[in-house]
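Take a look at the structure set out below.
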Amino acid sequence: MITLTAESRDVKVNPKMIRREGKIPAVFYGKGKESTPIAVDGSVFRKVYDEAGESTVISLKTPKGTLDALIHDVALDPVIGNPIHVDFYIVAKDRKLQVDVPLEFVGVAPAEKLGGIVMKIMHELRVEALPAKLPKHIIVDLAMLVDMESNITVADVFLGEGVRALVPLTETVAGVAVAKEEEEAPVAPIDLSTIEVEKKGKVDEEGAEAATEETTPPAAKKGPAGKGKPEKK
């Protein structure tokens, strides 16, 4: 079992001061257990959390003794995403728990070679089991998707000994969708006759202008101040 050591925490101390020391403020509670403030080493906790997740029971060593616990809730910094507070739930070894266990998809679906697209409907599954039987994750083998009509239901997934699903066994975990080809928008044909007419019209206009310039006599020249050329006597 994974072990995590915790120390007592004075609630009068600002949590920011605790985090500056590389520790994470935390609390543990459970049935018959009052809420108790503690602190855990930040780097050690992150390793434990990556390995155990929120569905595996760990051994929490506290000043009040070693307790079986689940990482019940982790508050994350909204900017950098580091854990800033942790809730541990103390469990009884003889009492069943209900938790959401993440699904891990493995294998390759033969249906993909037929042009299908694998659709993962579920990403976690709520189950019930004794603390010692709780799985860290549940394996889903995509090889069961053999054709375009295949699907994987909860009943097809092996949960582990002593583990019971709390959702209907007929619920779909993964299936196959048919890939749809995108239809290209039709392109309207170009009316070449319109373009020819426009070009012809432009040529006619230019020709007409040229003809007008050739047939129009030049204006009579006038002298200065608008007077005509004086007559010879």
Within region 89-156, what is the number of lysine pairs with alpha carbons under 17 Å apart, leaving out pairs fewer than eight places apart on the same chain?
4
Between the modelled labels at Glu124 and Glu51 (7 Å from Cα along Cα→Cβ) the distance in nm is 2.2 nm
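With all pairs of different alpha carbon atoms counted, what Kirkwood hydrodynamic radius in Å does region 32-173 show?
For region 32-173, the Kirkwood estimate is 17.3 Å.
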By how many nm would the segment from Ala132 to His85 grow when fully extended, if each residue of separation counts as 0.36 nm and the alpha-carbon distance is taken off?
14.4 nm
Compute the FRET efficiency between Asp73 and Leu169 as 1/(1 + (r/R0)^6), taking r as their Cβ-Cβ distance and R0 = 30 Å, and round to the nearest 0.05.
0.55
If you stretched the chain out fully between Val44 and Lys31, how much longer would it get, using 0.36 nm times the residue separation minus the C-alpha to C-alpha distance?
2.0 nm
Starting from the Cα of Glu161, move 7 Å in the Cα-to-Cβ direction to define the label point; list residues of region 126-150 whose amide nitrogen is under 15 Å from there.
130-135
Any idea what % of Cα-Cα pairs in region 1-91 are farther than 23 Å?
15 percent
In whole Å, how far is the Cα centre of region 128-178 from that of region 9-36?
37 Å
In nm, what is the difference between 0.36 nm times the number of residues separating Thr3 and Thr153 and their Cα-Cα distance?
50.5 nm
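Here, each number is a calculation from the coordinates, and none is a lab measurement. Predicted, not measured: the structure shown is a model, and the values here were computed from it. Don't worry about glycine lacking a Cβ; one is built from the backbone with ideal geometry, like all the others, and counts go over all protein chains shown.
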